[in-house]
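Scroll down for the structure; my scribbles are underneath it.
The values are calculated or read from the model by the stated rules, or taken from the named source; none is laboratory data. Just so you know, these numbers come straight off a predicted model, no measurement behind them. We place every Cβ from the backbone using ideal geometry, glycine too, and count neighbours over all the protein chains shown. Calculation scope for accessible area: heavy atoms of the full protein, side chains included, ligands and nucleic acids excluded. Shrake-Rupley method; radii C 1.70, N 1.55, O 1.52, S 1.80 Å.
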Amino acid sequence: MIQLPKTYEYNEIEERIYNFWLENELFRANPENVLEKGKSPFSIMMPPPNITGRIHMGHLLNNTIQDILARYYRMIGYEVLWQPGTDHAGIATQNVVERELLKEGKTRHEIGKEEFIKRIWKWKEDYGSIIINQLKKLGISADWSRIKFTMDEDYYNAVIYAFKRLYESGLIYKGLYIVNWCPRCYTTLSNDEVEDKEINGKLYYIRYPVLNSSEYIVVATTRPETYLGDIAIAINPNDTRYKHFVGKKVKLPLVEWQRFDYFRNHVENEIEIMEDEFVDMEFGTGAVKITPAHDKDDFEIGKKYKLPMVLIMNYDGRLNENAGIFKNLDRFKAREEIVKKLAENGFIEKIESYKYNVGVCYRCETIVEPIISEQWFLKLSAFKDIAKKVVEDNIIEIIPEYGKKIYFNWWDNIKDWAISRQIWWGHKIPLENEEDVLDTWFSSALWPIATLGWPNEAKEMKAFFPTSVLITGWDILFFWVARMIVMSLFFKNEVPFKKVYLHGLVRDEKGRKMSKSLGNSPEPLELFEKYSVDGVRIGLMLITPEGQDVRFSEKYMEVGRNYANKIWNIARFLFLNFEDKYEPLKVLKIEDKWIISEFNKLIKEVKSGIESFEFNNTAKLLYDFTWHKFADWYIEATKTREDKTYAISNAIFIFQNILKLHHPYMPFITEELYQKFPLKKKLSIMQEEFPDIIELDNLDEDAKKFEFIKKIIDEIREIKGLFKVQTLRDLKLYVHIYETSQENRKIIEENFRILKLLGGIKELQETNEKLKNYGIVALEGFLGFLEFPNIDFEKERERLINELEKIIKIHKSINDKLNNQEFLNKAPKDVIENQKNKLLELEDKINKLKKILY
């Protein structure tokens with residue numbers, strides 16, 4: 001007998017078990033095993049979290065999936081490298097340290113660049129590893145001996161080397177371009193770093209007086225302050241309303257001062273009315289202002305017609321000398337003053353309320369300003385064909401399939417990548433007189449190669465590159481995935497990974513993005529405390545549909561915790577009944593054959609599921625098998641046995657293998673229980689081989705016999721439920737001798753012990769009559785009648801008929817709804833799916849009631 005505590009004390013167990021794994025270096029990857037011993041490699045790169053970060057639900061989902069894969073591939077015999085690390089997070093880290101400085105009443109400019117960088121390194125030393133320690137609580141089995149930081153000396157050198165190679169190849173250039181500028185972070189942002197935000201704004205209709213005429217041309221704009229930088233007015237050539245204006249000029253309202261372009265050339269305040277097909281005749285008045293220095297579309301028009309660019313704003317968001325009387329005003333204060341002045345002088349036609357999207361900085365949510373600036377660019381367009389081809393030819397497989405379409409669409413609309421940032425923290429551009437640093441995504445684009453020793457040919461590179469798979473959210477397919485592909489193809493002439501699995505985002509139950517402001521983002525560490533790490537991991541996998549966003553529900557974390565407790569209680573039962581004699585698979589009854597047959601199916605499904613990234617379905621299979629098949633049926637059936645030693649030995653043998661199947665999903669409880677077994681062979685469960693098919697004679701034939709008994713018991717329980725007599729036991733079952741096959745009668749007689757305990761049957765009796773007012777147990781090859789004493793069958797029949805009529809009405813209502821195209825078009829997918837499942841449940845109830853009644 002093995003003693004096991006009554007409850008699963010996970011808080012104590014988790015820390016102890018994780019330290020055991022670390023102390024025994026069980027996560028370490030050995031490249032020699034691949035290069036010298038011929039072991040197959042499996043390598044995976046952890047998307048490096050920012051050093052400013054704290055673990056959130058996205059990290060929880062992403063790293064759980066990676067850990068499942070790492071633990072699984074170790075157990076099936078691969079040499080696994082899971083490469084961990086952190087990102088220096090240029091803008092985010094600088095913002096954090098600047099906020100700390102503000103508490104002292106200082107700015108980075110006051111203390112100077114050198115001192116500020118020292119402060120960042122000190123902050124990194126004190127706080128930069130918090131997220132890594134939090135990830136360890138999740139139980140992830142990354143090779144921590146190899147942890148990388150994107151500002152480590154060797155990584156830094158790799159980034160600088162990469163820049164120089166690209167620059168020397170003519171793929172990096174400096175140019176004037178319209179960029180996304182964050183006045184708060186004081187840096188340019190790539191398109192992917194700008195998020196759309198809907199606001200309730202205004203549409204301002206400005207009158208521009210036509211020269212030598214009493215007429216006006218009216219233009220609608222959401223950013224009236226930028227009119228000070230207008231170079232032209234444009235109309236569509238097909239717009240007959242304005243044909244008579246083409247070629248004429250308008251005077252910029254109020255502007256009586258000199259304006260200068262970016263290169264300090266004088267620019268007139270009288271601007272031409274021109275034609276171009278890009279103009280949308282339906283927006284506003286159909287006439288648009290052209291401001292090349294402050295609008296992306298206008299910048300392209302400016303290039304096309306070689307128009308000057310008048311910058312009216314400084315990079316801190318304040319207006320400059322080109323704004324004349326509005327100089328030094330903040331952009332939004334300037335908007336108020338400009339509109340006021342224009343209105344006072346009769347230049348505002350009208351102002352309308354208008355909902356529209358603005359771009360905001362993904363770090364600080366400041367409204368981004370499109371503005372011309374000299375920046376360093378990488379010619380991504382040069383990589384378009386090869387980057388598409390490796391995916392088209394399935395050299396890189398993107399899963400799910402929809403990811404390919406998004407990926408190709410991005411490349412088809414590619415723009416050159418602005419890789420310079422006007423901040424202090426980061427990889428300094430290695431050219432004379434350059435103070436800018438490289439975009440953080442530039443350095444992380446080198447992650448799959450720089451972490452493995454590139455540009456040197458390290459043994460890790462030879463053993464583990466290209467990596468096996470990348471696990472990431474679909475939202476950084478362009479931020480990171482596409483750019484890693486580009487860098488790897490350029491520097492290594494190889495793809496960085498063979499597969500990309502895109503998981504969804506974790507949202508709340510209403511489908512909203514999680515955020516602290518909404519108060520809908522749970523703290524993972526609090527969930528661990530409440531539900532156990534294993535409970536959270538399996539609970540999360542139970543609600544994570546393949547490739548789709550996750551609707552988070554805390555009730556499933558409770559389901560996960562209850563499931564962990566169930567596994568613990570199964571172990572307690574087996575340990576309490578174990579008597580130091582272990583003789584598995586020597587004596588096998590039909591329940592043994594059945595559970596082994598079912599287990600063999602489970603092994604195939606779990607292997608296939610994990611390897612094809614079906615983590616949700618696999619979690620459900622494990623849950624259903626263990627709780628319902630193993631515990632509810634098999635363990636209960638073993639209680640009818642007299643040969644206890646063989647029964648418990650068989651159950652322990654299967655249970656040990658169940659633990660191995662669960663280990664990738666629930667590492668802590670499986671390790672703890674494995675360590676309790678006196679039968680264990682290895683230091684750790686993760687060193688065990690993943691279970692394989694158990695070959696036995698007559699397995700499926702005997703399994704079918706148990707399945708037959710199980711169906712009879714299911715029918716008995718169903719009938720008891722319908723008649724509301726679930727607790728009745730010691731019942732008599734009459735077997736109809738003409739409609740029940742001899743083979744089935746023999747199976748029942750030989751296994752009456754199971755029917756007696758699990759079905760509550762005291763006695764079997766043969767009959768050649770079809771008995772009335774009995775519960776009917778009808779299966780193929782079997783007909784039985786269950787005797788219920790003291791039941792008024794006529795009254796029960798009337799009740800069941802009424803219940804059937806109600807269910808049929810509900811069924812019709814749902815069926816009508818599902819045949820209504822308007823409902824199908826408007827309802828969310830999960831609502832439609834729930835209705836379909838409800839319909840199937842109702843159909844099942846209708847069939848069962850009809851069988852009893854008719």
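Computed 3J(HN,Hα) for the range 740-747, one whole-Hz value per residue from the Karplus formula 6.51 cos²θ - 1.76 cosθ + 1.60 where θ = phi - 60°, is 10, 5, 4, 5, 5, 4, 5, 4, glycine and proline marked x.
With +1 assigned to the C-beta of every Lys and Arg and -1 to the C-beta of every Asp and Glu, and no other charges, what is the dipole magnitude of the chain about the Cα centre in debye, to the nearest 20? Could you put the intermediate results ahead of the total?
Working: 126 positive and 135 negative charges, 209 e Å.
Charge dipole of the chain: 1000 debye, to the nearest 20.
Available extension along the chain between K806 and K202 is 212.0 nm, counting 0.36 nm per residue and deducting the alpha carbon span.
Go ahead and run the numbers for FRET between N11 and Q675, Cβ-Cβ distance against an R0 of 22 Å, rounding to 0.05. Let's see the in-between values first.
Details: r = 17 Å, r/R0 = 0.78.
The computed FRET efficiency comes out at 0.80.
Taking all protein chains as they are arranged and a probe of 1.4 Å, the heavy atoms of S353 leave approximately 100 Å² accessible to solvent. Projecting the Cα atoms of G473, G560, S608 onto the dipole axis of the chain, where Lys and Arg carry +1 and Asp and Glu carry -1 at the beta carbon, places G560 farthest toward the positive end. If the chain linking I846 and I117 were pulled fully straight, counting 0.36 nm for each residue of separation and taking away their Cα-Cα distance, it would gain 255.2 nm. With both labels modelled 7 Å from their Cα along Cα-to-Cβ, the S741 to N345 distance reads 9.8 nm. Entry note, the range 236-390: relative contact order of 17 percent, from Cα contacts under 8 Å with a spacing of 6+ residues. For the chain, the longest principal axis of the C-alpha atoms and the axis of helix 331-344 are separated by about 60°. Its Cα centre serving as origin, the range 495-631 has a Cβ charge dipole (Lys and Arg +1, Asp and Glu -1) of approximately 300 debye. In this structure the amide hydrogen of T187, modeled in the peptide plane, comes within under 5 Å of the amide hydrogens of C182, none closer than 5 places in sequence on its chain. Taken along the Cα-to-beta-carbon direction at a fixed 7 Å, the label points for E125 and N265 span 5.4 nm.
Pairs of Cα atoms under 8 Å, at least six residues apart: use those to get the relative contact order of the range 498-552, whole percent. Write out the running numbers ahead of the final one.
Values: 50 pairs, mean separation 28.7, N = 55.
Rounded, it is 52 percent for the range 498-552.
Is any residue of the range 608-646 close enough, with backbone N under 17 Å, to a label point placed 7 angstrom from the Cα of K601 along the Cα-Cβ axis, and if so, which? Only 608-609, 617-635 fall inside the zone, counting backbone N under 17 Å.
In whole angstrom, note down how far apart the Cα centers of the range 1-68 and the range 355-403 are. Centre-to-centre distance over Cα atoms comes out at 32 Å. Dividing the mean sequence gap of close Cα pairs (under 8 Å, 6+ apart) by how many residues the chain holds gives a relative contact order of 13 percent.
Here K607 is the anchor, and the aspartates and glutamates within straight C-alpha reach of less than 12 Å, apart from those fewer than 8 places off in the same chain, are D692.
The lysines within cross-link reach of K415, meaning a Cα-to-Cα straight distance under 17 Å and a gap of 8 or more places when in the same chain, are K174, K296, K303, K304, K379, K384, K388. For all pairs of alpha-carbon atoms in the range 29-145, what percent lies in each bin of width 5 Å, listed from the first bin to the last filled one? The calculated distribution, bin by bin, is 2, 11, 18, 17, 13, 11, 10, 8, 5, 3, 2, 1, 0. Note on the chain: with neighbouring protein chains present and a 1.4 Å probe, carbon and sulfur make up 46 percent of its accessible heavy-atom surface. Around E337, what is the net charge, scoring Lys/Arg as +1 and Asp/Glu as -1 over all other residues with Cβ under 12 Å from its Cβ? That works out to +2.
Roughly how many Å² is the accessible area per residue of the chain, as a whole number, for a 1.4 Å probe? Kindly include the intermediate steps, with their values, before the conclusion.
Working: 38940 Å² over 854 residues.
Roughly 46 Å² per residue, with all protein chains present.
Restriction of the chymotrypsin sites (Phe, Trp or Tyr not before Pro) in the range 246-351 to DSSP coil positions whose beta-carbon has at most 11 other beta-carbons within 10 angstrom yields F263, F283.
Beta bridges from DSSP with both residues in the chain: antiparallel share about 65 percent, rounded to the nearest 5.
If each residue of separation counts as 0.36 nm, what is the full-extension length gain between D280 and K428 once their alpha-carbon separation is subtracted? Write down the numbers at each step before the final one.
On the way: separation 148, 0.36 × 148 = 53.28 nm, distance 4.25 nm.
Residue separation times 0.36 nm, minus the Cα-Cα distance, leaves 49.0 nm.
When the GluC sites (Glu not before Pro) in the range 775-854 are filtered for DSSP coil states and for at most 12 other beta-carbon atoms within 10 Å of their beta-carbon, the remaining sites are E780.
Which of K37/K498; K676/K746; K601/K772; K197/K530 have a Cα-Cα distance over 30 Å?
Details: K37/K498 23 Å; K676/K746 41 Å; K601/K772 41 Å; K197/K530 35 Å.
Over 30 Å Cα-Cα: K676/K746; K601/K772; K197/K530.
With a cut-off of 18 Å on the backbone N, the residues of the range 537-556 near the modelled label site 7 Å out from E523 along Cα-Cβ are 554.
Inter-label distance, I2 to E110: 6.4 nm, where each label sits 7 Å from its Cα along the C-beta direction.
Reported to the nearest whole Å, the Cα centre-to-centre distance from the range 750-765 to the range 549-598 is 24.
For the chain, a Kirkwood hydrodynamic radius built from all Cα pairs, placed in the Stokes-Einstein relation at 25 °C and 0.890 mPa s, yields a translational diffusion coefficient of 76 µm²/s.
Please identify the chymotrypsin sites (Phe, Trp or Tyr not before Pro) of the range 683-759 that satisfy two criteria: DSSP loop assignment and at most 12 other Cβ atoms within 10 Å. Which are they? The qualifying sites are Y738. Relative to one another, the C-alpha centroids of the range 523-537 and the range 464-520 are positioned 24 Å apart. Shown is the FRET efficiency for E558 and A778, computed with R0 = 45 Å from the Cβ-Cβ distance and rounded to the nearest 0.05: 0.75.
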